[in-house]
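Below is one structure; the comments refer to it alone.
The values are calculated or read from the model by the stated rules, or taken from the named source; none is laboratory data. Everything numeric here is computed off the predicted structure, so don't read it as measured data. Every residue, glycine as well, gets a Cβ built from its backbone with ideal geometry; the counts of neighbours run over all protein chains shown.
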Amino acid sequence: MSHFMSNQLPAMPFRFRTRRLPTFAWLCLFWIPAFVGIVHGQDTEAEAARAPRDLAAGQQGAIVTGSRQSRDAGLAMLQDGGNAIDAAVTSMLVQSVVENRLFCFGSEVPIIVYDAKRNVVEVIAGLGAAPRLATPEWFRENRGGKIQGRDDIANVVVPGFLDACLTALERYGTRTFTECAQPMLAVLRERATPAPESGADGGQDRRNNAAGGENFVKHHQNFLRLMERLVEAEKSSGGDRATGLRHVSDYFYRGPIARELEAWSREKGGLLRYVDMAQHVTRIDDPLTISFHGYTVYKCGVWTQGPYALQTLRMLEDRDLSAMGHNSADYVHLVIEAIKLAMADRDAYYGDPHFVEVPIKQMLSDEYVAMRRSLINMERASLEQVPGDPWKMQPVLGLPPQDYKIHSGHSDDTTNCLVADQWGNVVSATPSGWGGVIAEDLGLELGSRMIGLHTWEGHPSLVAPGKRPRITLTPTLVMKDGQPVLAISVAGGDQQDQTSIQVLLNRLVFGMDPLTAVRTPRFGTDHHINWFGHEPAKLGSLTVPREGNTDLDKLRERGHDLQLGRPASSAVILTIDPETGLKQAAGDRGRFAGGY
């Protein structure tokens, strides 16, 4: 296991300025049923049973995940004395099995952690880099310049999830990898056991029949052996907890697993090699922050889309949003026009900050925000993408972000994990990654995150050896007076922070309770370049709810291209009352709450 503070890296010489840019992205989604659970402390079992299943509340700890099994595993860890980090790792390990169509073990997770003991917020950048063989020339010669989203071994980047978990445990946790992996191993053992060919009614076992029969069982048998090898590596270390965690990382990234992955990759025509695995590091970043209405909002850096949410909030901070009325025509218009401007900057500039210099400090500055805000016309919807020029501190760059004629496939993935414990620690994570390939003998599912890079010269996300793809994954943490009060995780690709912004405003401006904040009808736009499929922006597009107080005629009159419906995203929220310590957790439609 290896990690370091990213601000120790040398500045990269490349500085992206005013050339016309391409961009990408959209991740469709998902109506994933997330599950909410609470450690209730003194609450009786009867009281917990009477609580609404969509909202949970308690004093000791809270967790929100994308499946009942992962929720239960995390709650059990909290009840057993583990902290929020132990519980989050435990839950996400289970999620990598039971939610493997949304998130797999060989993929990625950005994590924001509030460490109560040190009173700091840090970002664990659980994202791997492109292999050394991944160059624009290779993809032009072998894939016609296209980096495809699905089922292509060439799209594998170094798996970042495992080392992110190990780094989190070593830096903030209290439990061993083996302890956290026990619920996952139990699930794998169940799935690795062949079911009877026929049941009492003479029919085949539904699990095998629905999930691929022998292939389903064989895959989980291989995956179980892989996990047991990692557990054995920790147990055989003979050292303390930190030594054991390092041995797990070494075994996977610099030992036998890495060698076997290289052999598989070579045989199948992939680009991943042992050296790519061996040189992987999990970076610990300082989060980006802004102040908004007395709160401090924390997001991951420009390797995610998170900073554009901060820029949007800054453009809204001087407006009396509550006076406009929630989901009124003025409110929807203002918020969506601010989002359009911020996403244009996202599309034009964001990328791996260790390869390109992104002017995010300028983008969040008072001067630049004021200039960009002045472009919002309350009478007319913008029908073009308008990035600014933060380098020259000008409100308009003069060239739109560049789209591309070759479109990649889409990716249908991503889930959620939020945890708070009795000691004040909070974890906000957005695990993601599928659509890739499986290293069969290892049972290891690998994501396709290379789709976040491409072959367009001059673009900040031009593919390069060792470069991390930019991702839409964007967890949120909010503090007030130095204490955590709110965490949000959203699945939904380009809609993720459009949703996060609205959930934040619902809570911080309109004072909604957690369940209402995530259940209230939302709006969204595709007025941006798709960050996954790379399709051009759908200029002027606006999806609005059928219900609510939105005046559709007024929006049409302003030039919005309206579609009635619900943007494709799923949100979860966790709130903490800093005075009482009461924790409340809620999920979007299809979620459930449980208490202990």
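Determine whether the stretch 426-436 contains at least one residue that is within 30 Å of LEU504 (Cα to Cα), surrounded by fewer than 24 Cβ atoms within 10 Å (Cβ to Cβ) and touching a residue at least 60 places away in the same chain (Cβ under 8 Å).
Yes, the stretch 426-436 contains a residue that is within 30 Å of LEU504 (Cα to Cα), surrounded by fewer than 24 Cβ atoms within 10 Å (Cβ to Cβ) and touching a residue at least 60 places away in the same chain (Cβ under 8 Å).
Residues in the stretch 68-104 that are touching a strand residue (DSSP E or B) at 6+ places or on another chain (Cβ under 7 Å) and crowded, with 24+ Cβ neighbours inside 10 Å: how many?
Of the residues in the stretch 68-104, 14 are touching a strand residue (DSSP E or B) at 6+ places or on another chain (Cβ under 7 Å) and crowded, with 24+ Cβ neighbours inside 10 Å.
Within the stretch 501-514, take every residue that is in a loop (DSSP other than H, G, I, E, B) and out of contact with any helix residue (DSSP H, G or I) (no Cβ under 8 Å at 6 or more places or on another chain) and give me the one that is farthest from THR575 (Cα to Cα).
That would be GLY511.
For residues that are of a type in the set (A, V, I, L, M) and buried (at least 17 other Cβ atoms within 10 Å of the Cβ), scanning just the stretch 304-323, find the one that is farthest from ARG283 (Cα to Cα).
Within the stretch 304-323, the match that is farthest from ARG283 (Cα to Cα) is LEU321.
Checking the condition surrounded by fewer than 24 Cβ atoms within 10 Å (Cβ to Cβ) and not aromatic (Phe, Trp, Tyr), which residue from GLN502, GLN563 passes?
GLN563
I want to confirm something. Restricting to the stretch 515-565 and keeping residues that are among the β-branched types (Val, Ile, Thr) and part of a helix (DSSP H, G or I), which single residue is farthest from GLY492 (Cα to Cα)?
By that ranking, first place goes to THR516.
Say we look at the stretch 339-389 and pick out the residues that are in a helix (DSSP H, G or I) and among the acidic types (Asp, Glu); which of these is nearest to ILE471 (Cα to Cα)?
Per the criteria, the residue is ASP347.
Please return the ranges of strands (runs of 3 or more DSSP E) entirely within the stretch 210-325 where 3 or more residues are closer than 30 Å to ASN549 by Cβ.
Ranges flagged: 288-292, 295-299.
When you scan the stretch 132-161, how many residues do you find that are buried (at least 24 other Cβ atoms within 10 Å of the Cβ) and either closer than 30 Å to LYS480 by Cβ or of a type outside the set (S, T, N, Q) (or both)?
Result for the stretch 132-161: 9.
For the stretch 350-375, give me each residue that is within 20 Å of THR525 (Cα to Cα), surrounded by 18 or more Cβ atoms within 10 Å (Cβ to Cβ) and not charged (D, E, K, R).
Passing the criteria: only TYR350.
Of these, ALA186, ALA168, ALA164, which one is at pLDDT 95 or above, outside any loop (DSSP other than H, G, I, E, B) and surrounded by fewer than 18 Cβ atoms within 10 Å (Cβ to Cβ)?
ALA186
I'd like to know if the stretch 280-299 contains one or more residues that are among the β-branched types (Val, Ile, Thr), out of contact with any helix residue (DSSP H, G or I) (no Cβ under 9 Å at 6 or more places or on another chain) and buried (at least 18 other Cβ atoms within 10 Å of the Cβ).
yes
Of the conditions (1) in a loop (DSSP other than H, G, I, E, B); (2) within 16 Å of the chain's Cα centre (by Cα), GLY458 fails just one. Which one is it?
(2)
Per-residue answers, yes or no, for (1) out of contact with any Gly (no Cβ under 6 Å at 6 or more places or on another chain); (2) closer than 30 Å to TYR114 by Cβ; (3) modelled with pLDDT of 95 or more:
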site: GLY424; (1), (2), (3): yes, yes, yes
site: VAL427; (1), (2), (3): yes, yes, yes
site: GLY447; (1), (2), (3): no, yes, no
site: ILE451; (1), (2), (3): no, no, no
site: THR455; (1), (2), (3): no, no, no
site: HIS459; (1), (2), (3): yes, no, no
site: VAL478; (1), (2), (3): yes, yes, yes
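Among the β-branched types (Val, Ile, Thr), in a loop (DSSP other than H, G, I, E, B) and surrounded by fewer than 16 Cβ atoms within 10 Å (Cβ to Cβ): does that describe THR580?
yes
Search the stretch 401-422 for residues being in contact with a Phe, Trp or Tyr (Cβ under 8 Å, 6 or more places away or on another chain) and among the acidic types (Asp, Glu), and hand back the single one that is modelled with the lowest pLDDT.
Checking each candidate, the answer is ASP412.
If I filter the stretch 152-161 down to residues being part of a helix (DSSP H, G or I) and hydrophobic (A, V, I, L, M, F, W, C), which single residue comes out as modelled with the highest pLDDT?
Once the filter is applied, the top-ranked residue is PHE161.
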